[in-house]
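Quick note: the coordinates plus some simple rules give every number you see, no bench work behind them. Everything quoted here is computed from the prediction, not taken from an experiment. When we count neighbours, we look across all protein chains shown, and the Cβ atoms used for this are built from the backbone with ideal geometry, even at glycine.
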Amino acid sequence: MTEFGKRLKQLRKQSGLTQKQLAKKLWVTKATISNYELYERSPSPEILIHLSEIFHVSTDYLLGIEAKKQVVDVTGLDNEEIAFIEMAVSLLKQKKP
């Protein structure tokens with residue numbers, strides 16, 4: 001879980017959030033966030049999912065299973081624009097051998 005703590009801290013700082021602000025979003029204490037970042041405590045599956053939603057990353061990325069972020073943030077796009085992006089991704093995948 002050491003990778004989790006490191007990635008959580010990095011994502012939190014990149015998002016400009018303090019431990020207290022992140023804790024408020026998750027309905028936990030600041031100490032809980034600190035414990036996650038210091039590798040002293042592991043999050044529940046529910047918290048892990050909520051963190052992935054907050055930071056727009058996969059749970060695998062948070063846990064260190066994936067080396068890079070592989071989530072596209074489509075916030076603010078309408079359904080037609082999202083469908084276009086999904087189609088483009090699908091076409092790019094078909095080009096790969």
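Working from label points 7 Å from Cα in the Cα-to-Cβ sense, the L77 to T29 distance is 4.1 nm.
Within the chain, the longest segment free of exposed loop sites, counting GluC sites (Glu not before Pro) that fall outside DSSP classes H, G, I, E and B and have at most 14 other Cβ atoms within 10 Å, spans 1-39.
Placing pseudo-labels 7 Å out from each Cα toward the beta carbon at S42 and Q21 gives an inter-label distance of 3.0 nm. Taking Cβ atoms as reference points and 14 Å as the exclusive limit, the residues near R41 contribute a net charge of 0, counting Lys and Arg as +1 and Asp and Glu as -1.
Based on the alpha-carbon gyration tensor of segment 2-63 and its eigenvalue square roots a ≥ b ≥ c, which shape applies: rounded if a/c is under 1.5, prolate if not and a/b is larger than b/c, or oblate?
Note, shape of segment 2-63 comes out rounded.
Summing charges over neighbours of T75, with a neighbour being any other residue whose Cβ is under 13 Å away from its Cβ, gives -4 when K and R count +1 and D and E count -1.
Let a ≥ b ≥ c be the square roots of the eigenvalues of the Cα gyration tensor of segment 38-97; is it rounded (a/c under 1.5), or, if not, prolate (a/b larger than b/c) or oblate? It comes out oblate by the Cα gyration axes.
Only loop residues by DSSP count here, and only those with at most 15 other Cβ atoms within 10 Å; note down the chymotrypsin sites (Phe, Trp or Tyr not before Pro) in segment 11-97 that meet that.
W27, Y39
Computed 3J(HN,Hα) for segment 19-31, one whole-Hz value per residue from the Karplus formula 6.51 cos²θ - 1.76 cosθ + 1.60 where θ = phi - 60°, is 4, 5, 5, 5, 4, 5, 5, 9, 6, 10, 8, 4, 4, glycine and proline marked x. Each Cα pair under 8 Å and six or more residues apart adds its sequence gap; the mean of these over the residue count of segment 34-74 is a relative contact order of 25 percent. Considering only A23, T2, S44, and ranking their Cα positions along the charge dipole of segment 2-63 that arises from unit charges at the beta-carbon of Lys, Arg, Asp and Glu, the one farthest toward the positive end is A23. Here the sum of -39500 (n - 2.57) over DSSP H runs of 4 or more residues, divided by the residues of the chain, equals -19000 deg cm²/dmol at 222 nm, to the nearest 500.
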